[in-house]
Amino acid sequence: MEAPQYGARMIVATERALVIVPTYNERANVAEMARRLFDAAGGRVSLLVVDDSSPDGTAEIVKQIAEGPNDVHLLQRPGKQGLGSAYRAGFEWALEHGYESVVEMDADLSHDPADVPRLLDALAGADLVIGSRYVAGGGTRNWSKLRMWLSRGANVYARAWLGFDVRDSTAGFRAYRTGWLQELDMSSVTSEGYAFQVEMTFRTYQAGKRIVEVPITFIERVEGRSKMSRRIVLEALLKIAGWGVRSRRGSA
């Protein structure tokens with residue numbers, strides 16, 4: 001099945017991107033993630049780690065990496081503030097420093113850094129590129145049946161409420177053109193957790209921007225603990241339903 005695409009505007013691919021990686025207690029993974037990223041993407045990318053004062057010393061590892069030959073930056077924040085606010089801070093940093101595209105990626109190696117060039121290449125014809133587990137060629141590895149059911153169910157739920165045909169709107173491995181982020185009032189995007197990813201997808205869809213999904217394999221983390229919680233799941237369920245209701249009222 002062909003990946004869903006919205007809009008018709010073709011865009012010239014950008015030369016350089018900022019990869020934004022939020023961290024909280026990722027000392028065991030962050031150096032390997034950075035090594036693989038620069039091995040794969042070389043001079044095409046810079047790396048910004050947004051660390052929420054990890055008590056395990058993640059920031060100190062990032063500072064050591066930044067002393068090396070690659071373009072690595074650290075944005076330290078006071079205390080754990082959430083995924084959505086970390087990405088909003090990263091987007092603001094990218095705009096201030098003149099990047100034309102950004103990539104969202106986890107630090108725990110569940111997202112393969114070798115896939116970053118494919119996401120960036122796909123921005124030649126899109127405003128948002130999603131690394132998708134649920135299009136042809138995509139998948140997951142080392143997940144329990146419960147985790148698979150929750151993830152697939154969340155995406156079916158989002159499609160039903162929000163009216164788009166994006167197969168993996170909860171995905172956290174994605175790339176944006178910053179021109180679209182400049183148009184979007186990021187202060188109005190208030191979600192945290194996985195709801196942030198769905199909200200950004202929905203806002204992109206509502207604006208008539210072009211969304212492309214490219215297949216990736218998500219690999220369950222080996223080191224550290226997942227940040228998934230009941231609160232994050234509940235936030236996503238309630239917010240998605242709310243956006244759907246408001247959208248339908250607005251079109252009535």
**Request:** Quick one: net charge around Arg174, please, counting Lys, Arg +1 and Asp, Glu -1 for every other residue with C-beta under 10 Å from its C-beta.
**Result:** -3
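Can you compute the charge dipole magnitude of segment 92-154 about its Cα centre, using +1 on each Lys and Arg Cβ and -1 on each Asp and Glu Cβ, nothing else charged? Give it in debye, rounded to the nearest 20.
Working: 6 positive and 10 negative charges, 143 e Å.
So the magnitude is around 680 debye.
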**Fill in**
Contact order relative to length for the chain, counting C-alpha pairs under 8 Å separated by 6 or more residues, stands in percent at 27
**Asked** If you build a Gaussian network model of the chain, linking Cα atoms that sit under 10 Å apart, which residue out of Ser132, Ser188, Ser110 swings the most?
**Response** Ser188
**Request:** Taking the chain as the reference, fit the longest principal axis to its C-alpha atoms, fit the long axis of helix 230-251 to the helix C-alpha atoms, and give the angle between the two in degrees, 0 to 90, nearest 10.
**Result:** 40
**Prompt:** Looking only at Glu199, Glu60, Glu96, which one moves most when the chain is put into a Gaussian network model with springs between Cα atoms under 10 Å?
**Reply:** Glu96
**Request:** Would you mind computing, in nm to one decimal, how far apart the modelled labels at Asn142 and Ala207 are, each placed 7 Å from Cα along Cα→Cβ?
**Result:** 3.6
**Request:** Compute the signed sum of charges (Lys and Arg +1, Asp and Glu -1) over the other residues within less than 11 Å, Cβ to Cβ, of Arg36.
**Result:** -3
**Degrees, to the nearest 10: 83-96 long Cα axis against longest axis of the chain** = 70
**Asked** How many nm is it between the label spots at Ala40 and Leu150, if each spot is 7 Å from the Cα in line with the beta carbon?
**Response** 2.4
**Fill in**
Taking Cα atoms, the helix 30-41 axis meets the longest principal axis of the chain at an angle in degrees (rounded to 10) of 70
**Item:** Within straight-line cross-link reach of Lys63, aspartates and glutamates at Cα separation under 15 Å, skipping those fewer than 8 residues along the same chain
**Value:** Glu26, Glu32, Asp51, Asp52, Asp71
**Request:** Might you tell me the accessible area per residue for the chain, computed with a 1.4 Å probe and given in Å²?
**Result:** 46
**Prompt:** Net charge near Leu47, counting Lys/Arg +1 and Asp/Glu -1 over other residues with Cβ under 14 Å of its Cβ?
**Reply:** -3
**Request:** Could you pull out the trypsin sites (Lys or Arg not before Pro) across segment 146-212 that fall in loop regions by DSSP (anything but H, G, I, E, B) with no more than 10 other Cβ atoms inside 10 Å?
**Result:** none
**Prompt:** Quick one: with all protein chains in place, what share of the accessible area of segment 62-154 is carbon or sulfur, to the nearest percent (1.4 Å probe)?
**Reply:** 51
**Item:** Sites Asp56 and Ala124, calculated FRET efficiency, Cβ-Cβ separation with R0 25 Å, nearest 0.05
**Value:** 0.05
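The values are calculated or read from the model by the stated rules, or taken from the named source; none is laboratory data. Keep in mind it's a predicted model, so treat the numbers as computed, not measured. Positions of Cβ are backbone-derived with ideal geometry, glycine not excepted, and every protein chain shown enters the neighbour counts. Heavy atoms of the whole protein, side chains included, go into the accessibility calculation; ligands, DNA and RNA do not. Shrake-Rupley method; radii C 1.70, N 1.55, O 1.52, S 1.80 Å.
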